[in-house]
Amino acid sequence: MEMTNANSLTRESAIQTVHDEVMLNAAYIDGKWMTIEAPATDTADADSYDSNHDSSYDSNSGTIIATTRLCTKVQVELAVNAASAAYPSWSQTAVSKRASYLNAIAETMEQQFDKLVGLSVLNNGKPIEEAKIDVSDAIACYRYYANLITEQATWSEVSTSESSIRLLKTYAPVGICALIVPWNFPMVTTAWKLAPALAAGCTVLLKPSEVTLLPELMLGNILSAIKLPKGVVNILPGAAEVGAAMTCHPLIDKISFTGSNAVGEKVMSQAAKGIKDISLELGGKSAIVVCADADIDHACDLIIGGIFTNAGQICSATSRLLVHESIAQSLFDTLKVKTENLQIGDGFDTDTQMGPLVSEQQLNQVKKYFDIATAENLTCLTGGEVLNRQGYFAMPTIYTNVPVTSRLWTEEVFGPVLVSQTFTDHAEAIALANDSQFALAASIVSADETAAVEMALQIQAGHIWINEQQIVLPESGWGGFKQSGIGRELGVDGLSAYQKSKHVLFSH
Ligand code: NAD
């Protein structure tokens with residue numbers, strides 16, 4: 001299917017879409033866009049006015065594209081009421097009907113494919129090809145859950161040891177959900193939560209990241225176009241205040257949060273009040289293990305894809321390289337050349353292989369780790385600096401022989417920064433891979449699939465690639481061990497996150 005029109009993926013057309021179609025001063029509540037009123041000028045002090053506004057930036061230039069108005073607790077209250085009112089009907093809507101809405105979202109996204117890609121490139125800085133993969137993945141996720149929910153049996157018989165008793169099992173939606181997403185995969189992380197929640201029969205308050213509102217707000221137009229019943233999904237552009245109000249609200253039954261560990265801890269304590277169900281998808285410091293028998297050229301491509309895709313702003317970025325000592329020197333020689341040949345630039349330029357970081361804040365975060373690396377006297381194979389140009393660009397960076405005590409080894413940078421170490425045997429590789437507070441993903445590169453699978457079974461991670469990197473299918477569960485989070489998204493587990501089992505017992 002060819003969805004891309006050659007002239008429609010330009011900065012100018014994306015800015016035109018912002019002007020023509022993105023609702024910059026409104027929240028999508030109860031099936032319509034509601035204007036977010038600014039505080040009255042005669043009573044508002046400067047602080048409250050500022051907290052009600054945010055700017056959306058072009059990551060390539062650092063210039064403001066648009067100013068958005070952010071929600072406050074006022075809109076959270078309206079949205080909770082709308083979601084509560086919609087719940088009895090939506091949770092009882094026939095599964096086939098709910099599935100048809102999910103398919104309609106997918107179809108409308110397909111029709112708007114170029115616009116969604118363009119907004120993602122503009123607001124997030126992604127290269128076009130990466131943004132296309134994102135939008136396609138989001139579409140596939142809506143379709144997957146439309147299909148999965150229709151395959152789920154309404155009732156199943158549970159066999160028991162009591163012959164006079166019948167026990168039936170069914171699934172019910174968990175209730176009214178607060179979905180909170182970060183900025184690194186706009187529309188994708190949203191789909192991972194929204195699609196199973198709607199399939200299960202939940203109603204929803206969705207809070208996109210305030211950093212990437214432009215692509216995310218298009219969802220409101222899509223829901224309006226497909227005539228999703230009012231109140232089923234409410235979209236609240238907002239920052240921490242809105243997220244906190246959602247997670248603390250007594251009428252919210254379930255919170256699904258993707259983001260940093262620092263905010264995840266706050267969300268978890270907010271969820272404790274009222275004993276809310278919770279899923280957390282948090283940080284990572286994933287390893288890529290390159291075995292002695294690996295093809296060096298292919299290994300370098302996988303290493304580069306695993307850390308420089310999305311400029312390293314991926315929770316599952318394989319940011320720790322473990323390479324067998326026997327091939328380390330020749331691997332680093334090839335890796336340095338390939339890394340220095342990467343085309344860095346504007347996401348709208350089709351030659352670009354790595355774009356800017358999303359924001360000035362994220363650029364400063366990466367710069368902080370460059371300074372720590374200097375202070376720790378780490379050996380820099382390549383990079384180690386921000387680029388002296390407009391926009392939020394950092395050089396793709398590799399440090400070698402990094403001690404396991406280094407902050408760059410232990411902490412998530414969330415940027416294009418790879419740290420590496422050598423190992424002598426598989427046992428040492430596994431020990432090094434597991435030496436982290438995080439345990440989200442891993443990659444293994446080896447010519448011996450059997451040995452790689454053996455290794456995969458011993459590495460603590462929720463998702464492990466062998467001779468592949470960063471492919472995530474809707475069918476596979478996603479989530480980590482240790483401090484990478486609680487619960488799973490995607491796959492059958494991702495639907496279970498929005499359902500609770502019910503049992504009905506009777507004698508006969
Ligand atoms: P963040 O934690 O700063 O923000 C995430 C979301 O939480 C945003 O929408 C933000 O507005 C909201 N928020 C902030 N304070 C809140 C509060 N007190 N209560 C409720 N909500 C609040 O994260 P980020 O900087 O947007 O994203 C980067 C982080 O996300 C990284 O650490 C990355 O590893 C993680 N991440 C994890 C996964 C995964 O699947 N495990 C996926 C993507 C990103």
- Message: Using alpha carbons only, how many angstrom separate the centre of region 116-141 from the centre of region 389-446?
- Response: 26
- Note on the structure: With a Förster distance of 51 angstrom and the Cβ-Cβ distance between F506 and D333, calculated FRET efficiency to the nearest 0.05 equals 0.10
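Please report the net charge: other residues with Cβ closer than 11 Å to the Cβ of Q361, K and R +1, D and E -1.
Working: positive: K367, K368; negative: E360.
For residues surrounding Q361, the net value is +1.
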- Query: Relative to the present Cα-Cα distance, how much length would full extension add between D20 and E241 at 0.36 nm per residue of separation?
  - Reply: 76.7 nm
- For the chain, calculate the relative contact order in percent as a whole number, restricting contacts to Cα pairs under 8 Å that are 6 or more residues apart. 18
- Note on the structure: For region 206-212, Karplus-derived ³J(HN,Hα) couplings (6.51, -1.76, 1.60; θ = phi - 60°; whole Hz; x for glycine and proline) come out as 10, 10, x, 5, 5, 7, 10
- Query: When ranked by the protection proxy of mean other Cβ atoms within 10 Å per residue, highest first, what sequence do the peptides 72-79, 347-354 form?
  - Reply: 72-79, 347-354
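Where both residues lie in the chain, what percent of DSSP beta bridges are antiparallel, nearest 5? Numbers along the way, then the final one.
Working: 32 of 71 bridges.
For the chain, the DSSP antiparallel bridge percentage is about 45.
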- Message: At 1.4 Å probe radius, can you tell me the per residue accessible area of the chain in Å²?
- Response: 41
- Query: By how many nm would the segment from A427 to T154 grow when fully extended, if each residue of separation counts as 0.36 nm and the alpha-carbon distance is taken off?
  - Reply: 93.6 nm
- Item | Formal net charge of residues neighbouring G175 (Cβ-Cβ distance under 12 Å; K, R +1; D, E -1) | +1
- The local net charge around Q437, scoring Lys/Arg +1 and Asp/Glu -1 for residues other than Q437 whose Cβ lies under 14 Å from its Cβ, equals 0
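With r as the distance between the Cβ atoms of K169 and K227 and R0 = 30 Å, compute the FRET efficiency 1/(1 + (r/R0)^6) and round to 0.05.
Working: r = 33 Å, r/R0 = 1.12.
Efficiency at R0 = 30 Å is approximately 0.35.
Of the listed peptides 488-501, 258-271, what is their order by residue-averaged count of other C-beta atoms within 10 Å, with the highest listed first? All intermediate terms of the calculation are to be shown ahead of the outcome.
On the way: 488-501: 20.4, 258-271: 18.0.
Result, highest mean Cβ count within 10 Å first: 488-501, 258-271.
What order do you get for 125-132, 98-105 when each peptide is scored by the mean count of other beta carbon atoms within 10 Å, highest first? Walk me through the numbers before you get to the answer.
Details: 125-132: 23.9, 98-105: 20.5.
Output ranking for 125-132, 98-105: 125-132, 98-105.
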- Roll a 1.4 Å probe over the protein heavy atoms and report the accessible area of S164 in Å², nearest 10. 60
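Report the equivalent ellipsoid semi-axes for the chain in whole Å, largest first, defined as the square roots of five times the eigenvalues of the gyration tensor built from alpha carbon atoms. The partial results should precede the final answer.
Numbers: eigenvalues 279, 185, 86 Å².
The answer is 37, 30, 21 Å, longest axis first.
The values are calculated or read from the model by the stated rules, or taken from the named source; none is laboratory data. As the structure is a prediction and not an experimental result, all values here were calculated from the model. Here Cβ is always computed from backbone atoms with ideal geometry, including for glycine, and neighbour counts include all displayed protein chains. Ligands, DNA and RNA are excluded from the accessible area calculation, which covers all protein heavy atoms including side chains. Shrake-Rupley method; radii C 1.70, N 1.55, O 1.52, S 1.80 Å.
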